[in-house]
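> Pasting in a structure now, in structure tokens, and then I'll have a few things to ask.
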Amino acid sequence: MTDRLPHVIIIGAGTGGLCLAHGLRRAGIRVSVHERYRTRGEGLLGYRVGIGPTGSRALRECLPPELFDVFLATCARSPRYFNVLTQRMRRTASFTLRPDTDPVNTERSVARMTLRQVLLTGMEDVVRFDQEFTRYEQRDDGTVTAHFADGTTATGDLLVAADGTHSAVRRQYLPHAVTRDAGTINIATRIPLTAHTRKLLPERVEKGISLIFGTGGMMGVLHVMEFPWDRDGALKPGVHPADAELLQRWPGRAHDPTRDNINLIVWSTARRFPADVMRLRGDELIQLALRLTRTWHPNLRELLARAEPGSALPIRVTTSEPVPPWKSSTVTLLGDAIHTMTPGRGVGANTALRDAALLCRQLRLAVAGDKTLVEAVADYEAAMLPYGFARVADSLNRSGTNGDDRMYKPVVGRLALLGARGYFGVTSRVPRLARKFVDDFYTYRGEED
Ligand SMILES: Cc1cc2nc3c(=O)[nH]c(=O)nc-3n(C[C@H](O)[C@H](O)[C@H](O)COP(=O)(O)OP(=O)(O)OC[C@H]3O[C@@H](n4cnc5c(N)ncnc54)[C@H](O)[C@@H]3O)c2cc1C
């Protein structure tokens, strides 16, 4: 590395990009983040993201310690159970998850909007909104210039694509790296958590993550999201005094409209949805979800009927094709920009965070003079590609996120459904198998010994 500190340009102020920006700034590396959204509140970010040990460890490594504590304090109540339900809300399995006493080795429920506000905290001078990246140029002097739709440019020593599934950087840098439709569609909804909606849920469902294996290939997942603040944004009684103090001081609260809610997502193979589903919004989408779940328990249907119309969102599930290694340079990629995965195992954001921490570690070595910047990028890519695409493959083959899954076939689908319910049922009832299931869950999500 030269004696001049590098300047890193990050495209995209999402989960991975902002985590990297924090890490680089803490390491004294100059960084700017360019985001197409116009404001810090724009975008449909009201949904849950599960952050496991891999993601929490990366956040602890990159964020200033007090901000990591704010992250912990802003999480929703952690799930205590992992349940498997039928569409009639009969519990076929329930596993007890571990308590959330450890800051890293636990499974946390995080609101996307809240996480975004946490990650934007203290980054006002680094993040530039309303800057849609259009193309870059790599120069012979080792610099790289990013061009934005508003006609402005930014020049630095490294360009990092953290611009998500439809990455414009990837399109230019690795045009052969493609994403593809996984063949399933989700309808995501958010229902306000009130005394009434809470009563519609059995206790283990209210306190857990519940996967719904419905007949006819209709699947669902339900999470209850309860935060330390009430509907007016005031801290609830009983919040730990240390958390209360942190949250009182945290300026991000003023930007975060997240309130207690129930996330209910229903999904199936795309063949079950009308051709125009991606254009539907609001009440039309909720009515569609209700039509697709006619045989579901009345309480689940009441929840859908009570969903906030503005929250209903169709999501076409996407995956990516493995990319052979390329010759590293002054452009690199992280997160969904390189390895978009289906939500089957809930690890896309965790993997983006892992990438950010790894890239940051490598760039610190370059700054320390242990390797050149491009060598650091090459070492990052050599490690990231295998684990990233392994997660892509695992995710596609889990939880029916692949539209070609047996679950969605006319006759074998019924057998596949019975097989899946049977597997979870037996596993949860035999203590040795249940323990192994829970151990494997945390190991996969990156628990440390
Ligand atoms: C239904 C669903 C549930 C999921 N649940 C989980 C879960 O429980 N756990 C988990 O780990 N993962 C989950 N994921 C995956 C997770 O959401 C993603 O993997 C993660 O957000 C990727 O982070 P990222 O930083 O790579 O991209 P993003 O967070 O998507 O950020 C990309 C950013 O780039 C910006 N951008 C895009 N184009 C441009 C441009 N041209 N110029 C400037 N800025 C641009 C975007 O506006 C955005 O802010 C889920 C995904 C889905 C669809």
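> Just need a number here: residues in segment 92-101 that are out of contact with any Lys or Arg (no Cβ under 7 Å at 6 or more places or on another chain) and within 22 Å of L200 (Cβ to Cβ).
So the answer is 1.
> Return yes or no: is Y47 within 13 Å of the ligand (Cβ to nearest atom), in contact (Cβ under 8 Å) with a residue 24 or more places away in the chain and either among the aliphatic types (A, V, I, L, M) or open to solvent by 10 Å² or more (accessible area, probe 1.4 Å) (or both)?
Criteria met by Y47.
Conditions tested, residue by residue: (1) under 24 Å from L211 (Cβ atoms); (2) open to solvent by less than 60 Å² (accessible area, probe 1.4 Å); (3) hydrophobic (A, V, I, L, M, F, W, C); (4) in contact with a Gly (Cβ under 9 Å, 6 or more places away or on another chain).
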| site | (1), (2), (3), (4) |
| --- | --- |
| P324 | no, no, no, no |
| L353 | yes, yes, yes, yes |
| A356 | no, yes, yes, yes |
| K371 | no, yes, no, no |
| V374 | no, yes, yes, yes |
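> Pairs only if they're at least six apart or on different chains, beta carbon under 8 angstrom, first in segment 125-149 and at positive phi and part of a loop (DSSP other than H, G, I, E, B), second within 10 Å of the ligand (Cβ to nearest atom) and open to solvent by less than 30 Å² (accessible area, probe 1.4 Å); list them, first residue then second.
Once the first residue is at positive phi and part of a loop (DSSP other than H, G, I, E, B) and sits in segment 125-149, its partners that are within 10 Å of the ligand (Cβ to nearest atom) and open to solvent by less than 30 Å² (accessible area, probe 1.4 Å) give D130/E35.
> Answer yes or no: is there a residue in segment 291-308 that is surrounded by 18 or more Cβ atoms within 10 Å (Cβ to Cβ), within 30 Å of R231 (Cβ to Cβ) and within 14 Å of the ligand (Cβ to nearest atom).
No - not one qualifying residue is present in segment 291-308.
> Could you list, in sequence order, all residues of segment 1-27 that are more than 11 Å from L158 (Cβ to Cβ), open to solvent by less than 40 Å² (accessible area, probe 1.4 Å) and either assigned to a loop (DSSP other than H, G, I, E, B) or touching a strand residue (DSSP E or B) at 6+ places or on another chain (Cβ under 6 Å) (or both)?
Within segment 1-27, I11, G12, A13, G14, G17, A21, A27 qualify.
> L20: more than 10 Å from the ligand (Cβ to nearest atom) and either touching a Pro at 6+ places or on another chain (Cβ under 6 Å) or within 21 Å of R354 (Cβ to Cβ) (or both), yes or no?
Spelling it out, it is not the case that L20 is more than 10 Å from the ligand (Cβ to nearest atom) and either touching a Pro at 6+ places or on another chain (Cβ under 6 Å) or within 21 Å of R354 (Cβ to Cβ) (or both).
> Here is a further query. What residue, among those in segment 201-211 that are open to solvent by less than 10 Å² (accessible area, probe 1.4 Å) and assigned to a strand (DSSP E or B), is farthest from T96 (Cα to Cα)?
Looking at residues that are open to solvent by less than 10 Å² (accessible area, probe 1.4 Å) and assigned to a strand (DSSP E or B), I get S210.
> Within segment 264-275, can one find any residue that is in a strand (DSSP E or B), buried (at least 22 other Cβ atoms within 10 Å of the Cβ), modelled with pLDDT of 95 or more and aliphatic (A, V, I, L, M)?
Yes; the residues of segment 264-275 include at least one that is in a strand (DSSP E or B), buried (at least 22 other Cβ atoms within 10 Å of the Cβ), modelled with pLDDT of 95 or more and aliphatic (A, V, I, L, M).
Listed here are the residues, each with its yes/no results for (1) within 12 Å of the ligand (Cβ to nearest atom); (2) surrounded by 15 or more Cβ atoms within 10 Å (Cβ to Cβ).
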{"position": "L159", "(1), (2)": "yes, yes"}
{"position": "H166", "(1), (2)": "yes, no"}
{"position": "V169", "(1), (2)": "yes, yes"}
{"position": "L174", "(1), (2)": "no, yes"}
{"position": "A177", "(1), (2)": "no, yes"}
{"position": "R180", "(1), (2)": "no, no"}
{"position": "A188", "(1), (2)": "yes, yes"}
{"position": "I191", "(1), (2)": "no, yes"}
{"position": "K199", "(1), (2)": "no, no"}
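> Answer with yes or no whether G214 is small (G, A, S), open to solvent by less than 20 Å² (accessible area, probe 1.4 Å) and more than 14 Å from the ligand (Cβ to nearest atom).
Criteria met by G214.
> Something else about it: Restricting to segment 300-334, count the residues that are over 16 Å from the mean Cα position of the chain (by Cα) and part of a loop (DSSP other than H, G, I, E, B).
14
> Another question about this same structure. Consider R364 against the criteria (1) more than 28 Å from V160 (Cβ to Cβ); (2) open to solvent by 40 Å² or more (accessible area, probe 1.4 Å): it satisfies all of them except one. Which criterion is unmet?
Single failed check for R364: (1).
> Next up: Out of all the residues in segment 72-86, which are under 20 Å from V438 (Cβ atoms), away from the ligand (no atom under 16 Å from the Cβ) and open to solvent by 10 Å² or more (accessible area, probe 1.4 Å)?
R80, Y81
> Same structure again: Within segment 106-119, is there a residue that is in a loop (DSSP other than H, G, I, E, B) and surrounded by fewer than 19 Cβ atoms within 10 Å (Cβ to Cβ)?
no
> Counting only residues that are more than 9 Å from the ligand (Cβ to nearest atom) and of a type in the set (S, T, Y), which one in segment 29-44 is most open to solvent (accessible area, probe 1.4 Å)?
Restricting to residues being more than 9 Å from the ligand (Cβ to nearest atom) and of a type in the set (S, T, Y), the top hit is T39.
> Taking segment 225-251, which residues are within 15 Å of V70 (Cβ to Cβ) and in a loop (DSSP other than H, G, I, E, B)?
Result: F227, P228, V239, H240, W250.
> On to the next question. Could you check segment 52-71 and list, in sequence order, the residues that are within 11 Å of the ligand (Cβ to nearest atom) and either over 18 Å from the mean Cα position of the chain (by Cα) or outside any helix (DSSP H, G or I) (or both)?
G52
> When the residues of segment 128-183 are filtered to those that are within 25 Å of the chain's Cα centre (by Cα) and hydroxyl-bearing (S, T, Y), which remaining residue is nearest to V367 (Cα to Cα)?
Among them, the one singled out is Y173.
> For residues that are more than 13 Å from V169 (Cβ to Cβ) and within 14 Å of the ligand (Cβ to nearest atom), scanning just segment 132-150, find the one that is most open to solvent (accessible area, probe 1.4 Å).
Among those that are more than 13 Å from V169 (Cβ to Cβ) and within 14 Å of the ligand (Cβ to nearest atom), it is D150.
The values are calculated or read from the model by the stated rules, or taken from the named source; none is laboratory data. Predicted, not measured: the structure shown is a model, and the values here were computed from it. Virtual Cβ from ideal backbone geometry, glycine too; neighbours counted across all protein chains shown. Ligands, DNA and RNA are stripped out before the accessible areas are found, and what is left, the full protein with its side chains, is counted by its heavy atoms. Shrake-Rupley method; radii C 1.70, N 1.55, O 1.52, S 1.80 Å.
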